[in-house]
1. Explain nothing, just the number: dipole magnitude of segment 103-241 about its Cα centre with +1 on each Lys and Arg Cβ and -1 on each Asp and Glu Cβ, in debye rounded to the nearest 20.
2. Take each of the peptides 192-198, 90-96, average the number of other beta-carbon atoms within 10 Å over its residues, and list them starting from the highest.
3. Taking R0 as 41 Å, what's the FRET efficiency between HIS22 and LYS234 from their Cβ-Cβ distance, rounded to 0.05?
4. I'd like the distance between the alpha-carbon centres of segment 144-202 and segment 61-117, rounded to an integer number of Å.
5. What's the Kirkwood radius of segment 226-282 in Å, using all Cα pairs?
6. Find out how many positive minus negative residues lie around ARG134, taking Lys and Arg as positive, Asp and Glu as negative, among other residues whose Cβ is under 11 Å from that of ARG134.
7. Residues in segment 113-138 near a label at LEU225, defined as backbone nitrogen under 17 Å from the 7 Å Cα→Cβ point?
8. Students often get this wrong: which residues of segment 225-247 have the backbone nitrogen under 19 Å from the point 7 angstrom along Cα-to-C-beta of ASP116?
Amino acid sequence: MRYLFGLIGYPALHSQSPWIHHQFLKQQNKQGLYRVWETAPNELENTLNAMKTLQVDGFNVTVPYKEKMLEYVDRVDPYAAKVGAINTVLFQNGEWIGYNTDGKGFVRSLQESYPDVNLEGLKVLIVGAGGAARGIYTAFLEKGVQRVDIANRTTSRADSLLTINDYGISSTATSLQQAEEALSQYDVIVQTTSVGMSPKDAQQIMKLTNVKQGAIVADIVYKPLETSFLQDAKHCGGRPLHGDGMLVYQAALSYEIWTDTTIQADKVLQNFKQKQKGDSIC
Ligand code: ATR
C-alpha cells in the first residue's frame with residue numbers, strides 16, 4: 001500500500017509536517033507521500049473536493065480552517081466535537097472522520113519532558129483563546145488538573161472557551177494584565193498564540209517577572225525554538241517547554257489514527273531537534 005497524506009491550511013507551505021510524517025513512514029518501512037495543499041479561503045471547497053476525489057488517506061488541518069472543517073467532515077470524534085476544532089481527518093469507508101490531536105500532543109510533550117509532574121495537582125494558565133488553546137484547554141480538563149484559567153487579549157473570547165468545561169474543574173477567564181500580575185499561583189503556563197514567532201522574534205505576550213520558581217513555562221511556537229517568552233521564563237526561574245514537542249507528538253497521534261499503528265515519536269523528536277540545529281540526518 002502507498003499512503004497519501006497531507007495538510008490543508010493558509011499559509012501552509014512553511015510547514016514541517018511533511019518532514020515529520022516522512023520520518024514516521026521511514027521508521028515503519030512504509031511507502032507514502034505527505035503533501036501540502038496551501039489553500040486560500042476562496043479555494044477551500046475546490047481543494048477539499050479534489051482531495052476527496054484523490055482519496056487522500058488522511059490529512060491535517062491548520063490555520064485558519066480547524067473550526068470550519070467541522071462543516072466538511074461526515075462524522076466527528078466526540079473529543080474533537082468537545083474541543084470544537086479538527087486538526088486531523090481520516091478517510092475510512094468513503095467517509096471523512098474528524099479528530100483533534102493538538103491538546104493530547106501538548107500534554108504528551110509535557111509528560112515526556114517532565115515525567116515527575118503529577119497533572120492532577122496542577123494549577124494551569126493558558127495564554128490565548130484560539131484554536132490551539134481550545135485543544136490544550138480540553139486536554140488539561142480531561143486530565144483532571146486542579147484548576148485551569150484562560151488569559152486572552154479579548155476576554156470575551158476566553159469566556160467562550162469556558163463552555164467546554166463540564167468537568168466541574170475550577171476555571172476562569174482573565175485579561176492578559178490580570179494574569180501577568182497573578183502568575184505566581186500557576187504551576188504550568190502555556191503560551192498558545194503566535195506572538196513571538198519568527199520573524200517577529202522580539203515580541204512577547206506578557207512579562208514573566210512574577211513566575212513561580214520551578215513552574216513549567218511552555219510556548220507552542222517552535223520557530224525560534226527559544227522564544228523571548230521562554231528566555232524570560234528561564235531568567236525568572238521557570239522551567240521551559242519548547243514548541244517542537246507538541247508539533248511532533250500531535251503529528252504522531254494523527255499518523256497513528258491514519259495507519260492504526262504505534263509510532264516511536266521520541267526518536268523523531270530527537271531527529272527534528274538535530275535538523276533544526278543544522279546537523280545532518282540520514
Ligand atoms: P490559532 O488557531 O493558531 O490558535 P487563532 O484562532 O487565530 O489562531 O487565535 C489566535 C490567538 O492569538 C487569540 O487568542 C488571539 O487573541 P484575540 O482573541 O484577542 O485576537 C491571540 N493573539 C494573536 N495576536 C496577538 C497579539 N498581538 N497580542 C495578544 N494576543 C494575540
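1. On the way: 14 positive and 14 negative charges, 40 e Å.
Value, rounded to 20: 200 debye.
2. On the way: 192-198: 19.1, 90-96: 14.4.
So the peptides 192-198, 90-96, ranked by packing, come out 192-198, 90-96.
3. Working: r = 33 Å, r/R0 = 0.79.
E between HIS22 and LYS234, to the nearest 0.05, is 0.80.
4. 20
5. Evaluated on segment 226-282, it is 13.1 Å.
6. Values: positive: LYS66, LYS82, ARG157; negative: GLU67, ASP102.
It works out to a net charge of +1.
7. 113-114
8. Output list for this probe position: 234-242.
We did not get these values from a lab; they are worked out from the coordinates using the rules stated. Bear in mind that the values here come from a model prediction, so they are computed numbers and not experimental data. Cβ sites come from the backbone with ideal geometry, for glycine too, and all protein chains shown count toward neighbours.
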